[in-house]
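See structure below.
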Amino acid sequence: MNGRERMLAAAGGRTTDRPPVWLMRQAGRYLPEYRKLRETHPFWEMVKTPDLAVEVTLQPIRRFGMDAAILFSDILTIPDAMGIDIHFSEEGPVLSRQITSQTEYRSLKEVEISEAFDYVRRAVCKLCCELHPHTAVIGFAGAPFTLAAYMVAGKPSQDLDQIRMLADKEPDLYHALAGRIADTVTGLLRLQIEAGADVVQIFDTWAGRLSEDEYRRLALPYSRSIIEGLRGTGVPIILYLRNSGTHLDAAAASGCHTLSIDSTLEIATARARLNPKIALQGNFDPDLLHQPPEIIRQKVRAGIRSSRGGGYIANLGQGLNPQSPIDGVAAFVQAVQEGGA
Ligand code: CP3
């Protein structure tokens, strides 16, 4: 099996010779070659220039040989296309506007997918040329709830106060916004699939902080509508949740092929609770990468053993960060490539 076959099989719920491996945020500031390019190119220029986005996507593949490459882009390309300016501060993204009223909502730009995301289509096409047939290409987008949370608060919000208040006081506005984002996400993922993406991942980073009832009202219907909209493509869809334990069963009801979980939940526990047709992805703690290679190997072996019983993709429970050690990433990828044996 090559990496692409392994990734497609595992994401589709089938068992593989060994688990495919890739890491969330595998492109980025922990790599000196990324930081070097970043010295001369602003973040959005790198995202929107296909040659640069492809180069950055390939950097970790050249170094570590993962089975799949995730397009270098960001979940905030959607608010960007809707006319909101985004910059990054020490605390994370800062959006130029907050969508807290009907007036603000109506002022959002209508997104013409093929025009607004032509840079994404070109980058994915080029990536597929570079990587197929050996390595899988992963497309992605943010989930409507997580994107709405950014667009309403204008920044990351741990407690989700603003989005909760909006959904409570102005449910029509919340549902109009989430529905509009869901349509745009469906279009963006379809564009990536048509350009050659083998698998797509929907990031619902903030939804794990909702109560189960809120998750079922505010997040699940929109993830589900995206997944239904893409069913005809036959491409496996991965749904990522952070703090996934509480919503495991609800998230599985989205119709996703693979659930990506973080390290607050054991893989074996998730496996026991879910329909065996649903594949799992995750869920190593990024802190593990700071351990000596032997410990990394032991933990990877144990993790792979505990994943038995269905499709499984080795990954972290959340993204690499700028402090992640390169040697740790190398040891992690290698340990999975050795088959966890
Ligand atoms: O390698 C990859 O994983 C592909 C690229 C990718 C980026 N962002 C690049 C990026 C992906 C898949 C994302 C997803 C993303 N973006 C999420 C969901 C995943 C998660 O971590 O929960 C979220 C919530 C965002 C929003 C976002 N974009 C934040 C919070 C930040 C700033 C904080 C940070 O981690 O740097 C960004 C900026 C960003 N996106 C960078 C990168 C490499 C750093 C920008 C820089 O170089 O200055």
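None of the figures in this text is laboratory data; all of them are computed from the coordinates on show. Please read all numbers here as calculations on a predicted model, not as lab measurements. Quick reminder, even Gly has a Cβ in these numbers, built from the backbone with ideal geometry, and neighbours come from all protein chains shown.
Quick notes on this one:
- In the range 152-165, the residues that are of a type outside the set (D, E, K, R) and surrounded by fewer than 24 Cβ atoms within 10 Å (Cβ to Cβ): Ala153, Gly154, Pro156, Ser157, Gln158, Leu160, Gln162, Met165
- Only listed residue being more than 24 Å from Ile238 (Cβ to Cβ), away from the ligand (no atom under 13 Å from the Cβ) and of a type in the set (A, V, I, L, M), chosen from Ile113, Ile99: Ile99
- Of all residues in the range 26-35, those satisfying the criterion of being within 12 Å of the ligand (Cβ to nearest atom) and either among the hydrophobic types (A, V, I, L, M, F, W, C) or farther than 18 Å from Thr77 by Cα (or both) are Gln26, Ala27, Arg29, Tyr30, Leu31, Tyr34, Arg35.
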